[in-house]
Amino acid sequence: MSSQKPPSSAGNNLDPWYANYAERTAGLAASEVRALFAVASRPEVVSLAGGMPAVSALPQELVIESMNRVMREQGSVALQYGSGQGVPALREQILDVMAMEGIKASADDVVVTTGSQHALELVTKLFIDPGDVVLAEGPSYVTAMVIFRSFQAETHHVAMDAHGMIPESLRENIARLKALGKKIKFLYTIPSFQNPAGVTLSWERRLEVLQIAKENGILVLEDNPYGLLHFDAPPPPALRSVEQEGVIYLGTFSKTLAPGFRVGWALAPHAIREKLILANEAAVLSPSSFSQLIISEYLDTIDWRAQVDRFRGVYRERKEAMIGALTEYLPNLEWTDPNGGFYVWLTLPAYLDSKQMLPRAVKELVAYTPGTAFYADGGGRNNIRLSFCYPTPEAIRVGIRRLQNVINGELDLLETFSATGPLDTVRDRNFSAPPPNLD
Ligand SMILES: Cc1ncc(COP(=O)(O)O)c(C=O)c1O
C-alpha cells in the first residue's frame, strides 16, 4: 500500500483501496444532491433537473432504416475497429453541419470523439498540468468543471450578463491571474444558449473575446452543443468561424439527433488535431464505427435539417410553457428567457438557498439543479437551473406550480422566524438578465 496521504474525498474507510487512489480523484466526489436525484427519477416527480434531449421527438423508424442499411451494406466495417480520427465520410458531413454556424474547415482537422464530453476530457488532458487555470463563464457546465477538477486545474469564472460573457471581466481575470503568476491554459465557453444560464454571447462580444484571447495568448475552447436549436433568429456565427488558429471547436450529435450514439467531434488547429488523434487512440482506440456509420447514413438519406426543425418546435413549445408558468406562478422572481437550447436560469431572493430547499422540493414532487453545481467557487446559492427539454409542457406547468409552493413555504418559514417582518419587500437580485437580444 502507498504511504501517500489519501485525497480527502476519494474514498472512505470502508474502501480497502482508500489510500491508493491518485490525488486527482479528489475531484471525483459525488455531489451531495446525487442521492436526491435518485429519488427525483421516480415517475411522480416532475424533473426540471436533467439535460436529457427529447428523443421521443425523433421518429425511431428513421434510425432503424439507417441501421438496417448499414448492417446490410457495410456490416463488417460497422462491427470492426476504425480510424482513431473517425470515419472519413462522417467527417466530411460534419463540415456541412458546422457550415450552418458559419464555419469553413477541412475534414482533415475534424476528430470524432465519444460525445463532446470525451473531446472535453481529451483537450483537458492535452493542456492541463496540476495548478493550471481554466477560465469559464460563471455559471458554467458542471461536467466540464468536473473534468477540469479531475486534472487538478483551477477554474476561475468570468462574469456574465444577458449578452453572455462580459469582456471586461475576462480582462480583469487575466490581469489578476497573470499577476499571481498563474498559467491560464484555455478559456472554456458555451457561447450559444449557454448551459446553464440560457444566454447567448453577442456578436460584438464574440469579436472582443477573441481579440482579448489573442492578445494574451489564450486558447479558446468553444463548446457548442445547442447552437442549431434556436427558436427564432439563429445565434451569431461561431467563434471558430472568425478565428481558426486560436480556437478548438466542439460539436455533438447528442442534441440534434440522439445522445445514445455517443458521437461528437472536435475541430482543432492542425498541430493540436494531431495530438488529439493520438490521445483519442490512447483512450478508446477508435470511436464507435457502428454509431458513426449509422449517423453518416442518416445524414445522407434523411432530411436531417427538417428533423432539427422538429426538435426546435418541440423545445420552443416547452420553453414557452416554462416562461408562461414562471410568469403566472413566480412573477416576482427573475429568470432568463433563452432563444434556444434547454435551460432557464432562475434567481431566487438572496436569502434563499436553493440547495437547502431541494429536499423540500423533492418532497413536493419537483426537482431542479441548485445553482451552486455550476460554480467552482460556491457561487449560485440562490440560483436554480430549470431544464425544459425533457418534460411535456403540461408537466412543466405542474412542476413550476409545485416550485411556487416550495418557495412560498420557504418564505413563510423564514418570515415566521425573521425579526425583520415580511421578506418579499427585500427581494435582492444578483443575476439580472432580461431576454437576450439576438437581432
Ligand atoms: C455544454 C455541454 N457540453 C458538452 C455536453 C456533453 O454532450 P455529449 O457528450 O453528449 O456530446 C453537454 C451535455 O449536456 C453540454 O451541455
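Only the coordinates and a few stated rules stand behind these numbers; no lab work does. Remember, it's a predicted structure, so these values are computed and weren't measured experimentally. Reconstructed Cβ throughout: ideal geometry from the backbone, glycine too, with neighbour counts over all protein chains shown.
Sparse packing (at most 14 other Cβ atoms within 10 Å of the Cβ) combined with a DSSP loop state is found for none of the GluC sites (Glu not before Pro) in the range 381-421. Each other residue within a Cβ distance under 11 Å of T336 adds +1 if Lys or Arg and -1 if Asp or Glu, for a net charge of -1. Normalised by 2.2 N^0.38 Å, where N is the number of residues, the alpha-carbon radius of gyration of the range 268-339 equals 1.85. The convex hull around the C-alpha trace of the range 101-144, projected and averaged over every direction, spans 4.7 square nanometres. Restricting to Cα pairs below 8 Å that are 6+ residues apart, what does the relative contact order work out to for the range 9-135? Please round to a whole percent. 12 percent.
Mean separation of Cα pairs under 8 Å and 6+ residues apart, divided by the residue count of the chain: what relative contact order is that in percent?
Normalised by residue count, the contact order of the chain is 22 percent.
Considering only G138, G102, G371, the Gaussian network model of the chain with Cα springs below 10 Å gives its largest mean-square fluctuation to G102.
Relative to the 2.2 N^0.38 Å rule of thumb, the range 145-224 has a C-alpha radius of gyration ratio of 1.06. In units of the rule-of-thumb radius 2.2 N^0.38 Å, the range 119-274 shows an alpha carbon radius of gyration of 0.98. Here each label is just a point 7 Å from Cα along the line to Cβ, and for A99 and R24 those points are 3.8 nm apart. How high is the relative contact order of the range 107-239? Use alpha-carbon pairs under 8 Å, at least six apart in sequence, and give a whole percent. Normalised by residue count, the contact order of the range 107-239 is 22 percent.
Convex hull volume per residue, computed on the Cα atoms of the range 318-388, equals 93 Å³. The calculated 222 nm mean residue ellipticity attributable to helices in the chain amounts to -13000 deg cm²/dmol, summing -39500 (n - 2.57) over DSSP H runs of n ≥ 4 and dividing by all residues.
Considering only A22, P287, I103, the residue lying farthest towards the positive end of the dipole of the chain is A22, judged by Cα position with unit charges set on Cβ. When the convex hull of its Cα atoms is viewed from all sides, the range 215-347 shows a mean projected area of 11.2 nm². In the range 37-183, inverting the average of 1/r over every pair of distinct C-alpha atoms gives 19.6 Å as the Kirkwood radius. Measuring r between the beta carbons of Y81 and N216 and using R0 = 56 Å, the FRET efficiency lands at 0.85. Volume per residue for the range 198-272 equals 100 cubic angstrom (convex hull of Cα atoms). Binning the C-alpha pair distances of the chain at 10 Å intervals from 0 yields a P(r) profile of 4, 20, 29, 27, 15, 3, 1, 0 %, listed from the shortest bin outward.
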